[in-house]
C-alpha cells in the first residue's frame, strides 16, 4: 500500500508542487520571523556588550539601572554632583566620571531640515573624552560652550563637516554651534545601533538636556587593580544607599538586550499572527486539493478496496501523501525562511540601524521546530476530511463510469450557520470586554469561528451568487460554459472562494475600522475646532516636535489674527500620587471660542495661578469637584497644589490631556517648548494672506509647520492610511496563497475534465474559446470570493465600530476606494489564474482526451 501511494504521488508531480507551494509560503513566513528576531537579538547582544565593555560599574537613580530614562522617555532622573564625590571616595574606585545623556537633541542638516532616525534615539551628551569605545575621526572634542561634536553617521546624514555652523534643537529653542569634531566607535562603526549623538560641553549638555547644571544622568566607574566589578558594585551600593542603583557593565548589557528583546518579541508575535492567517488560508488550499485528488482517484481507490485494502489503509494512503507534501514543504519553507530572515535583518541593519553589525549566520531551534510542526500539522489536518471520504468509497465504484455524486449541502450549511452564530456571539462578548483578562482570546476565537462558519456555508451561497455573476457574460458560449463549470461543484467552488474571502475580509475589517476612526476624528474636529490656522506636527519619536513659545505672542501681533491658543504637554507628571498627563495653555480664554470647550461645572474662561481644569472622566474617577485640591509634581520635579476651577466634557479626540494648567506650569515640564497652537482669524481675513506671515515666525523651528484646518486634519489622519497599507502588505501573502489555490483548483479541475474538454474541442470549441471558458470560471470564483470577503469584513468592521462607540467612534464609514480596488484586484487575479490554468486545456490533444480514462 505504501509503494502504491508513493508511486501515485510521484506520478502527479505538478499536483505535488502546487499542493506544497501554499505550505512553503506559510512556513517561510513563520521560520523567517524566528530567523529575523534571532539574528537581531544576537546582533544587539553583541552591540550592548561592546557598549558596556569599558564600564566596570555604572551608577544611576534607583529603579533605572544606570539608564538615563525611566518608563517615559521624557522623564529624565538626575544625580547631584555631590554623589559623584561620594562614589570617588569608595575604596576600590580607580576613577568615576559623571555622564550626561538624554534623548532629544535634533540636528538641522545642510538642507535646513531635521535629520530623523526613524526609531533610534537622538542623544544629547556631555563630551568626556575618547576611550576604548569612542574614537575621534576628525577634529577635536568641544571645549567652548558654542562647540559640539557629532558621530560620523549623523555627519553623513546631515552633510556636515568640521567648521560648519550647526543648528540644534533640544528641550530648549534652537541654538547654533560650531562643529569641531566627528567621532566614531570601535570596530569601525559610525553609530551605535543607528542612534545619533550630539556632544556638548558638560554644563551646556546639563542645561539643554536636563534643565539644570550640576547634575548627571549616570556615573561610570572603573575599578582599581585587584577589585572585581561585582565587589565594587556592592561597595558602591552600600555607600550610596537605596536611592541609587549600581550595576556592572555585564548586567547593564544583559538588561539592555532583554529590554530590546521584549520589543522584538512583540514584533515577532505580530509577524507570526499574519503567518497564521497565511497558513489558515493555505489549509483551505490543501483541503481543496486533496478533495479533488480523491474525487479524481475514485476508481483507483475503489479498485484498491476491491482487492482487499481496508478503510484504515485508505486513510493511511491519503495521510501519507499529506506527510510527504508537509515534509517537503517544511524543508523548502525553512530554507526560504532562513534566506528571507537574513535578508530582512540585513535591510534593517543597513537602513534603520546603520551601526548594527549582524551576528553570524545561525538557524534557531524555534525556526526548525516551528517549520516542521506547522508544515506537517497544517497539511495533515487539511487532509483528514478527504482521507475519511476516501475510506468511504465503496468497491462497487470501480465498476462505475462516473464518480459518486456530490452529497447534499444541508449538514454542511447548518453546521456553518451554528458555528458562525456562536462565533458572532463570542466576538460580541469579546469586543464589549465581557471576558476580562481573556478579551484578546475571546475576540480571536470569535473571529476564527466566524470565518469557519462562513467558509462552511460558502458552498450553499455560491450557487445563486455564481449564477448571478456568470450571467454578466450574457449568452456568450464560453461565458455560459465557464459559469456552469464554476457552479457544477459548489463544495469545490466554495472552498476555493473561502480562501480568498479570509484575506479580503481581514483587510476590509481593518479598512472599515480605520476609516471609521478617521471619519470620527474628522467629524469631531470640524464640530469643535474653530481655528483657521494650526501650528504643530505629528510626533514620530519620543520627543514631540516643538517651537519657541515666543512665537505665540508674535503670532498674536500678526494683522488679522483674532486669538491664539498655545499648548504644552507633559506625560510624566504625578497627580496625587498617580501618573497623569498634563496640558498647559496660553490664553485660557480662547478654549471656548477656538476648541469649542464648554464647562459642565465651574468656569473654563479664566485660569489663574494655582487653578486647574479637569475633564469629566478624570474628575469622576478621582472624585474631584469644584474647589477640590490636587498636588501636582511635573516631570522636572516642580511641586505645587492646584484648586479645581472648572470641569469640561471628556473626548477621545480632544487636544487637551486630562489636567489643564496655566502657562506658568510649563517651566516644570520635560519639554518646556510649545507643542501646538491654534489661531483664529478676524472675520473677513483670509488664511491665504495670513498663513505666510505666521510661517515666517517659524524659521527657527523646522520641526513644525503652520497649515490651514483642512491640512491639519489630513496630516493628523495620515497615519491611518500608513497603518492600513502595512496591514495590506502583511496580508498580501494570504491573498497570494488564495490566488495559488484558485490556479491549483482550476489546474486540477482541467485534469479531471480532460475527456469532457476533448469532446468540447471535437464538436468545435476552439483554443481561444477554451481559454475564455476557463478564465471566466476563474473570474467568477475570484470575484465571488472578494465580494464575500468584503461582506464579512464590513460586518466585522461594523460590529467593532459599534463596540468602540464609547471610545470616540461616532461615525461608521466605508473605504469605498479600497473596496473598489479589491474588486479590480480580484478581477486581475481571476484573469491571470484563468489564463495560467487554461494553458493545458487549450493545448489538449483532442483524440487522446476523448480516449482518456
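Some observations on this one:
- Just one of (1) modelled with pLDDT of 90 or more; (2) over 17 Å from residue 695 (Cα atoms) fails for residue 539. It is (1).
- In summary, strands (runs of 3 or more DSSP E) completely within the range 187-251 and bearing 2 or more residues that are within 17 Å of residue 150 (Cα to Cα) occur at 196-200.
- The set of residues in the range 79-102 being in a strand (DSSP E or B) and either within 26 Å of residue 176 (Cβ to Cβ) or without any contact (Cβ under 8 Å) to a residue 40 or more places away in the chain (or both) consists of 99, 101, 102.
- So residue 757, is it buried (at least 20 other Cβ atoms within 10 Å of the Cβ) and over 41 Å from the mean Cα position of the chain (by Cα): yes
- Comparison of 754, 745 shows that the only residue that is in contact with a helix residue (DSSP H, G or I) (Cβ under 6 Å, 6 or more places away or on another chain), farther than 28 Å from residue 274 by Cβ, assigned by TED's automatic domain parsing to the domain that holds residue 503 and at pLDDT below 80 is 754.
- Residues (under 15 Å from residue 192 (Cα atoms) and either touching a helix residue (DSSP H, G or I) at 6+ places or on another chain (Cβ under 6 Å) or outside any loop (DSSP other than H, G, I, E, B) (or both)) located in the range 103-136: 103, 122, 123, 124, 125, 134, 135, 136
- Taking the criterion of being assigned to a strand (DSSP E or B) and buried (at least 18 other Cβ atoms within 10 Å of the Cβ), the residues of the range 610-629 that qualify are 611, 612, 613, 614, 615.
- Total residues in the range 630-647, condition assigned to a strand (DSSP E or B) and touching a residue at least 12 places away in the same chain (Cβ under 8 Å): 12
- Some residue of the range 657-668 being modelled with pLDDT under 90 and in contact with a strand residue (DSSP E or B) (Cβ under 7 Å, 6 or more places away or on another chain): yes
- Any hit, the range 584-594, residues being in contact (Cβ under 8 Å) with a residue 24 or more places away in the chain, touching a helix residue (DSSP H, G or I) at 6+ places or on another chain (Cβ under 6 Å), buried (at least 20 other Cβ atoms within 10 Å of the Cβ) and part of a loop (DSSP other than H, G, I, E, B): no
- Qualifying residue in the range 519-537 (condition: in contact (Cβ under 8 Å) with a residue 24 or more places away in the chain and on the phi > 0 side of the Ramachandran plot): yes
- Every test in (1) in contact with a helix residue (DSSP H, G or I) (Cβ under 7 Å, 6 or more places away or on another chain); (2) farther than 19 Å from residue 86 by Cβ; (3) assigned to a helix (DSSP H, G or I) is passed by residue 258 save one, and that test is (1).
- Filter result for residue 736 (within 19 Å of the chain's Cα centre (by Cα) and in a helix (DSSP H, G or I)): no
- Filtering the range 147-161 for residues that are closer than 25 Å to residue 215 by Cα, in contact with a strand residue (DSSP E or B) (Cβ under 9 Å, 6 or more places away or on another chain) and surrounded by fewer than 18 Cβ atoms within 10 Å (Cβ to Cβ) leaves an empty set.
- Criterion: touching a residue at least 40 places away in the same chain (Cβ under 8 Å) and farther than 26 Å from residue 472 by Cα - qualifying residue of 801, 780, 792, 774: 801
- Among the candidates 418, 443, residue that is assigned to a helix (DSSP H, G or I) and under 17 Å from residue 802 (Cα atoms): 443
- Checked against (1) at pLDDT 95 or above; (2) buried (at least 20 other Cβ atoms within 10 Å of the Cβ), residue 178 passes all but a single condition, namely (2).
The values are calculated or read from the model by the stated rules, or taken from the named source; none is laboratory data. Only a predicted model underlies this, so the values are computations on that prediction, with no experimental measurement involved. Positions of Cβ are generated from backbone atoms using ideal geometry, with glycine treated the same way; all protein chains shown enter the neighbour counts.
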